[in-house]
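Where a number appears in this text, it was derived from the coordinates with a stated rule and is not lab data. Note that this is a predicted model, so its numbers are computed, not measured. FYI the Cβ positions are ideal-geometry reconstructions off the backbone, even for glycines, and counts take in every protein chain you see.
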Ligand code: EPU
């Protein structure tokens, strides 16, 4: 079990480069399955979710070369359909993209399992519904669930009743080579959805409207490989911005997707953050924080993946704040360890009331999920004394070179096996 030991109270200072987007990387790596030839990906973060995607591609017979930590070459010439260990599929939500990719490539998918952080139930019903609209048949067999389209997928009209990032990406992957035109209505608009569409279009697909709520896909017969650089990770940028504010530091995030962070920047400005934005950079200097209220919502709303880090920020404000979680039914598991470091907060349904003026004290806690773990690190960085954070493998699913980046900013953090 890996852990971090953090001596709190250091004001973090300096510049860090923001990594490529986790959620874009995992999607384009799996989407590469439906291309023929070689694709070279750039800007891929060195995180365990990416390593798991690489293992999945290798299980399916793809040749994957890691050129350097952020450049990965995928050749799909040897790809064959096959069962992937459930234990691997369960580690992340992105394994759900195999549904669209395997149906498109082989006309069958019996790897209908995914995992990811535990925020309550995270069903795949809307992914399956989308595949059915494209002509796939769903069956429950003695070995598990199965989707098949032996004659190939055809274009169709998909209307999502709720915004689903993964469902939208899966529908794009499945329809890129389907016969005819597909219209996705009620599509989610997150930046990595546009990034996946950009990648597939570079490979020869015809996908229009990604980033809006209606996406139109004209199926093409074949996709080729390409060179592709993933977009920057808005959640990593937001996380480090909270670390600057929590420690009274002065951090500049370079290569930051400033326009994607609109809702988050608006909130922290409202809370009194001293923030300066350039085209691709954000600098945050010491600031006196005032209380505020926010609700999470699909993009361009306030990102649910910055909810736990923002809760810690709000706990330092001079008064009480409110945070409403509207995307996931239960994103509050991180509160228990945070409370043992000093957080005072009450949950009523999906509403969190956070009491301000918190002084965190070092303690021994365990991460419960990726962003909750990042929030614990934030509390430990501004705490009085030493904290031990266990179960940091959750954090390393999504933050590349995390400890080294924090150390470069002056943090007193060490990783232990
Ligand atoms: N939903 C359904 N049925 C479905 C799919 C989704 O009911 O078939 C519901 C979910 O239960 C949830 C809502 O729809 O209440 C939205 O879920 P969505 O499908 O948008 O989320 P996701 O694709 O599972 C991605 C990110 C998450 C991020 C969410 C929301 C990836 C690999 N994961 O998950 O990222 O929180 O979108 O923005 O892209 C993270 O990076 O820490 C992370 C959890």
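Extent of the stretch 1-103 along its three principal axes (Cα atoms, max minus min coordinate, largest first): 52, 28, 20 Å. For the chain, relative contact order (Cα pairs under 8 Å, six or more residues apart, normalised by length) works out to 21 percent. Treating the stretch 151-195 as a set of equal point scatterers at the Cα positions, no solvent, please give the Debye-formula log₁₀ I(q)/I(0) at q = 0.24, 0.25 Å⁻¹. Taking Cα atoms of the stretch 151-195 as identical point scatterers yields -0.82, -0.88. Value of Rg to Rh for the stretch 4-51, rounded to two decimals, is 1.19; Kirkwood radius and Rg both from alpha-carbon coordinates. When only alpha carbons are used to place a centre, the stretch 342-417 and the stretch 1-71 end up 22 Å from one another. Put simply, the convex hull of the Cα atoms in the stretch 45-160 casts, on average, a shadow of 8.2 nm². Largest first, the three principal axis extents of the alpha carbons in the stretch 175-329 are 59, 32, 19 Å in whole numbers. Note on residue 347 and residue 404: the model spin-label points, each 7 Å out from Cα along the C-beta direction, lie 3.6 nm apart.
Applying Stokes-Einstein at 37 °C and 0.692 mPa s to the Kirkwood radius of the stretch 129-205, computed over alpha-carbon pairs, gives a translational diffusion coefficient of 250 µm² s⁻¹.
As a test, work out the antiparallel percent of DSSP beta bridges whose residues both lie in the stretch 345-407, rounded to the nearest 5. Before the final figure, lay out the partial values.
Numbers: 4 of 8 bridges.
Antiparallel bridges: around 50 percent, rounded to the nearest 5.
Here, P(r) means the percent of Cα pairs in each 10 Å bin from 0 to the largest distance; for the stretch 207-250 it is 19, 24, 27, 18, 11, 2.
Peptides 362-373, 116-127 ranked from most to least packed give 362-373, 116-127, packing being the mean of other C-beta atoms within 10 angstrom over each peptide's residues.
Plugging the Kirkwood radius over Cα pairs into Stokes-Einstein for the stretch 246-341, at a temperature of 37 °C and a viscosity of 0.692 mPa s, what D comes out in µm²/s? Please list the in-between numbers first.
Working: Rh = 14.2 Å.
Answer, rounded: 232 µm²/s.
Taking the square roots of 5 times each eigenvalue of the Cα gyration tensor of the stretch 300-413, largest first, gives ellipsoid semi-axes of 22, 17, 13 Å. Computed over the alpha carbons of the stretch 90-142, Rg followed by Dmax gives 11.3, 32 Å. Diffusion coefficient of the stretch 251-298 by Stokes-Einstein, Kirkwood radius over Cα pairs, 25 °C, 0.890 mPa s: 215 µm²/s. Rounded to the nearest 10 degrees, the inclination of helix 370-382 to the longest alpha-carbon principal axis of the chain is 20 degrees.
When peptides 289-301, 184-196 are sorted by average Cβ neighbour count within 10 Å, with the highest value leading, the order is 184-196, 289-301. Summarising the strand pairing of the chain, around 70 percent of its internal DSSP beta bridges are antiparallel.
Working note: 222 nm ellipticity from helices only, DSSP H runs with n ≥ 4, each -39,500 (n - 2.57), summed and divided by the residues of the chain, gives -9000 deg cm²/dmol to the nearest 500.
Order these by the 10 Å Cβ neighbour count, fewest first: 283, 339. Provide the component values of the computation, followed by the final result.
Working: 283 18, 339 12.
Placing the least packed residue first, the sequence is 339, 283.
Bins of 20 Å, beginning at zero and ending with the bin holding the largest distance: percent of Cα pairs per bin for the chain, please. Taking all Cα pairs of the chain, the binned fractions are 28, 55, 17, 0 percent.
Could you sort 80-87, 129-136, 55-62 so that the peptide with the highest average Cβ count within 10 Å comes first and the rest follow in order?
On the way: 80-87: 12.6, 129-136: 22.6, 55-62: 18.5.
Highest mean packing first, the order is 129-136, 55-62, 80-87.
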